[in-house]
Ligand code: KIV
């Protein structure tokens, strides 16, 4: 983690929430990745990633669970603290795990832990209409919030699997309305997972805050992928939106630079990574 003193001598200042908003206004794609430890965080940062998420995907890719449900606040604090030590430039977001934000008071207490103990600059929660009061409460305490909409992996047992969301017109309208309400409640970023291109585009046009997509098509403000998917570490079947950038590159840093470059020049995601 950079210090105020180091920042004075940096050629390029670290990314902050204002930089991300300006990128949306300037239509400059925002490149985002997950990370879980200091060494990979340093590589992701060196590759030019704008935003790094300590996702609760750590439950699957680090801990070996089938879902993100078993992840605890202590787990996310531990990994966020490690990632923060590896970053110099990127904006650091940490995930609120399953059942760590069931009411405004609990959400505030756990957000404070991720920021004070972990060093996160923003927290992310899987949201919808039911989380408006929580987002308002966090925003009233100046906690920056990323609202995760679309496929919400913490709800996997309720959804009956990891599936594309918002294909039906009613469901698409509901998601769009939830995005507007969350923005009005104080969300600073919306993360949209696994929806048709058309909904990704409509959400991006409807909102003033940046919309970061994962499987949400090419018309969003930024793209995020799970680091281990980008590096081709994940074995077996991966979601349609995943591209293994390690192929054709001889080092992890070169693969990560290729991902950032492809997001910035619009070549990722390609049509084969998208849903209709
Ligand atoms: O937990 C995670 O890594 C995420 C990303 C897949 C966006 O939420």
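For the range 234-250, does any single residue satisfy the condition of being modelled with pLDDT of 95 or more, away from the ligand (no atom under 16 Å from the Cβ), closer than 17 Å to residue 125 by Cβ and assigned to a loop (DSSP other than H, G, I, E, B)? Checking the range 234-250: not a single residue is modelled with pLDDT of 95 or more, away from the ligand (no atom under 16 Å from the Cβ), closer than 17 Å to residue 125 by Cβ and assigned to a loop (DSSP other than H, G, I, E, B).
Looking at the range 97-106 only, could you name the residues that are crowded, with 24+ Cβ neighbours inside 10 Å and away from the ligand (no atom under 13 Å from the Cβ)? Matches in the range 97-106: 101 only.
Only one entry in 84, 90, 94, 42 is more than 12 Å from the ligand (Cβ to nearest atom), closer than 29 Å to residue 236 by Cα and in contact (Cβ under 8 Å) with a residue 40 or more places away in the chain, namely 42. Is the range 135-143 home to any residue that is under 23 Å from residue 23 (Cα atoms) and part of a helix (DSSP H, G or I)? Yes, that holds for at least one residue. Among the residues of the range 24-35, is any under 29 Å from residue 201 (Cα atoms), in contact with a strand residue (DSSP E or B) (Cβ under 8 Å, 6 or more places away or on another chain) and surrounded by fewer than 24 Cβ atoms within 10 Å (Cβ to Cβ)? Yes, the range 24-35 contains at least one residue that is under 29 Å from residue 201 (Cα atoms), in contact with a strand residue (DSSP E or B) (Cβ under 8 Å, 6 or more places away or on another chain) and surrounded by fewer than 24 Cβ atoms within 10 Å (Cβ to Cβ).
The condition of being touching a strand residue (DSSP E or B) at 6+ places or on another chain (Cβ under 8 Å) and either away from the ligand (no atom under 15 Å from the Cβ) or touching a residue at least 12 places away in the same chain (Cβ under 8 Å) (or both) holds for only one of 253, 176, 207, 231, that being 207.
Residues of the range 210-222 that are in contact with a helix residue (DSSP H, G or I) (Cβ under 6 Å, 6 or more places away or on another chain) and either assigned to a loop (DSSP other than H, G, I, E, B) or more than 16 Å from the ligand (Cβ to nearest atom) (or both): 210, 216, 217, 219, 220, 221. Kindly evaluate residue 58 against the criterion of being touching a residue at least 12 places away in the same chain (Cβ under 8 Å) and touching a strand residue (DSSP E or B) at 6+ places or on another chain (Cβ under 7 Å). So residue 58 fails the test. Scoring residue 122 on the criteria (1) at pLDDT 95 or above; (2) touching a helix residue (DSSP H, G or I) at 6+ places or on another chain (Cβ under 8 Å); (3) farther than 20 Å from residue 17 by Cα leaves a single failure, condition (3).
Scanning the range 132-160 for residues that are in contact with a strand residue (DSSP E or B) (Cβ under 7 Å, 6 or more places away or on another chain) and on the phi > 0 side of the Ramachandran plot yields a single hit, 150. Residue pairs whose Cβ atoms lie under 9 Å apart, sitting 6 or more positions apart in sequence or on different chains, and linking a residue in the range 184-200 that is more than 16 Å from the ligand (Cβ to nearest atom) to a partner that is at pLDDT 95 or above and part of a strand (DSSP E or B), are 185/145; 185/147; 186/145; 199/150; 199/192. For residue 148, the criteria (1) out of contact with any helix residue (DSSP H, G or I) (no Cβ under 7 Å at 6 or more places or on another chain); (2) part of a helix (DSSP H, G or I) hold in every case but one, which is (2).
The values are calculated or read from the model by the stated rules, or taken from the named source; none is laboratory data. Everything numeric here is computed off the predicted structure, so don't read it as measured data. Quick reminder, even Gly has a Cβ in these numbers, built from the backbone with ideal geometry, and neighbours come from all protein chains shown.
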